[in-house]
Amino acid sequence: MTSILLFTTLLVPASVQDLKAQAEAEYRAGLEVRDDSAKARRHFARSANLFEEVWESGERNPGLARNLAQARFLAGDYGRSIRDYRRGLRLSPYDHDLRQGIDSVRERAGGSQTSTSYLQKPTSPVARLGVPMSRLLLFSLGIAAIGWIVLARAWLIARGTLAILGGALVIFAIGVGAVLNWEDRRVQAEWSEPTAVVTIPTELLMGNSDEYPRRIEGKIPVGVEMKILGQRGGWYHVELPDGAIGWVQQSRVATTD
Amino acid sequence: MRTIGSASLALWLFCAANAIAAVDIPVLGRPTPFYGGAGSDVKLIVSAAPTDVTIDDSILLTIRVENLVNAKDVERINLEEIEAFHRDFQIADELTPESEPNGTRIFRYRLRPRQLSIAEIPRLVFPYYDPKLPQPADKPDFPFRRARSESIPIRVRKEAPPPIPVEPLDVPAFAMSLAEPKASVPGWIWWIGAFAPPVVAIGWCAIWRAINPVGDRLVRRRRSRAARLAIKSLRHADDATAIVQSVVIYLAEHFELPGIIRVPRDLARLLGDARVDGPTIDECVAFINASDSVRFAPFPVIEAEQLRVQGENLIRRLEGER
């Protein structure tokens, strides 16, 4: 029994490594034949399926999520590509490559559809600055360090003005840190919330059956990300980025969970 | 003679051929349809190409009838009259090849399947008259025989999709490479970055103050310095005057005594002004008196060496060592 367990323990990682190697080989094969889109897409689709198996085996990290999402994107599956980028961003919300990738796929997916209000998602003031969170944090820590040094110097030479300046710098840095902490919690919550991404254009209905009337006109295009509020009988109760709430079929969306 | 013989043989062969070609086929007992074929052991060979076609393609059907004695008289088989062919195919005649072997007729048709479900080209029957067979009066159809072919399986597919033009795949720069493993900054590094500056600032102040003391600590330090110097000078003092001078300088430094000390009374007054306790004042005054006795008495009670020890003991006691 022990030997069987040991054998299984040794075997599983090896097979996962093999799957990863196969997936990467398929990806590179797709890049090599990219002059023929049909052939290339078949390679990328196989690569995505293999990466998905690795993901399902439990080896989950931002790099694997990026590879999986890229393979889906190049295979033409924009909806699942966005879903996989979100999976990676849940693990590492400030990963530059993942952010760049999901923005590109969103642009492609949105560009092929009619522009609609529910494709636009509001952003926070901090996010609108366009400065990476790590740099803002470094700035805050730097200001705090200068403030503390000025305070220490003021105490040593007993200068009140210098002490006020140092105290102001420290308080400013603490304020910036508090705002960044609030933003970090918001971002973590945003990427962690259960999300459904449209993979096949679908209608938003007022109930969990085809017999219910539509909540909005037209179909929701591929790539739109929706917050999952609940599920019932093969349907998801979802909220669109613009606040519209309704029901969509489970078979037409991919979920992050 | 030989020429005449050859000519006769040719004439005989010509007559024989004409006699065969002009075979008289009885009307009675003739099957329907009948294409006028006559011969013995007539063979019907049917071939088709291609046999795997789409619904829009056509099949070239070739019917070859061999061993005929009246090939030129054989009529073309009208496939439209055969129900199975008419039902399953659109039929168009193709040209017969110009050269046919002797005693053989070849007919060609272009067949287009009407439905996807058609799985074969039906079998054909070619009736012919065999002149070698007897013609009994009670069985007029006896000399009429039938050559048969087998059905030919075919496969009919849907219309082939139009060929997709080969287009290159647009691969953006970010997707040209796979993710490389990269190290991320652990969270505790940020916490260190947040708490290190105040710790460093406090440490800096502490070290600075340790190096540069102020207030009581500075006073203590000065005192201790005065004691060190006094003990050092005591050890090198070679007479009672130097010993007394070292101790008095120490006392002035230790108690921060202002002014000049000439006599024991001056010392007692200054120590009293500095709020020094009584026993200490008495001890200091006693030391000065002892030194005076060493220096000025004709018969001193103690020696200079004893005075040095007494002075050192006084300093150490005031420094709290004893």
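The values are calculated or read from the model by the stated rules, or taken from the named source; none is laboratory data. Because the structure is a prediction, the values reported are computed rather than measured. Every residue, glycine among them, receives a Cβ derived from its backbone with ideal geometry; neighbour counts consider all protein chains shown. When the accessible area is computed, the model is the full protein with side chains, heavy atoms only, and any ligands, DNA or RNA have been set aside. Shrake-Rupley method; radii C 1.70, N 1.55, O 1.52, S 1.80 Å.
Quick notes
- Tabulated pairs, the range A:165-188, first surrounded by 14 or more Cβ atoms within 10 Å (Cβ to Cβ), second aromatic (F, W, Y) and in a helix (DSSP H, G or I), C-beta under 8 angstrom, 6+ apart or interchain: A:G166/A:W148; A:V170/A:W148; A:V176/A:F139
- A:D103 fulfils the conditions (1) within 10 Å of chain B (Cβ to nearest Cβ); (2) at pLDDT below 90; (3) in a loop (DSSP other than H, G, I, E, B) except for a single criterion, (3).
Every residue, every condition in (1) modelled with pLDDT of 90 or more; (2) of a type in the set (K, R), yes or no:
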{"position": "A:S112", "(1), (2)": "no, no"}
{"position": "A:R128", "(1), (2)": "no, yes"}
{"position": "A:I143", "(1), (2)": "yes, no"}
{"position": "A:G147", "(1), (2)": "yes, no"}
{"position": "A:A158", "(1), (2)": "no, no"}
{"position": "A:L165", "(1), (2)": "yes, no"}
{"position": "A:I171", "(1), (2)": "yes, no"}
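- Test: residue in the range A:201-214 that is touching a helix residue (DSSP H, G or I) at 6+ places or on another chain (Cβ under 7 Å) and more than 25 Å from A:P132 (Cα to Cα): yes
- Selection count, the range B:129-176, where residues are touching a helix residue (DSSP H, G or I) at 6+ places or on another chain (Cβ under 9 Å) and either among the hydrophobic types (A, V, I, L, M, F, W, C) or within 12 Å of chain A (Cβ to nearest Cβ) (or both): 11
- Candidates B:G203, B:G215 - the one that is more than 7 Å from every other protein chain (Cβ to nearest Cβ) and on the phi > 0 side of the Ramachandran plot: B:G215
- Among the residues of the range B:74-105, the ones that are charged (D, E, K, R) and open to solvent by less than 60 Å² (accessible area, probe 1.4 Å) come to 3 in all.
- Residue within the range A:3-17 that is surrounded by 15 or more Cβ atoms within 10 Å (Cβ to Cβ), modelled with pLDDT of 90 or more and part of a helix (DSSP H, G or I) present: no
- Counting only helices (runs of 4 or more DSSP H) that sit completely within the range B:237-322, those holding 3 or more residues that are farther than 30 Å from B:L218 by Cα correspond to B:278-296, B:304-318.
- Among residues of the range A:22-61, those that are open to solvent by 60 Å² or more (accessible area, probe 1.4 Å), assigned to a helix (DSSP H, G or I), at the interface with chain B (Cβ under 10 Å from one of its Cβ atoms) and free of Cβ contacts under 8 Å to residues at least 12 places away in the same chain, counted: 2
- Residues located in the range A:209-234, provided they are part of a strand (DSSP E or B) and open to solvent by 70 Å² or more (accessible area, probe 1.4 Å): A:R214, A:K227, A:L229, A:Q231, A:R232
- The condition of being more than 14 Å from chain A (Cβ to nearest Cβ) and at pLDDT 90 or above does not hold for B:F195.
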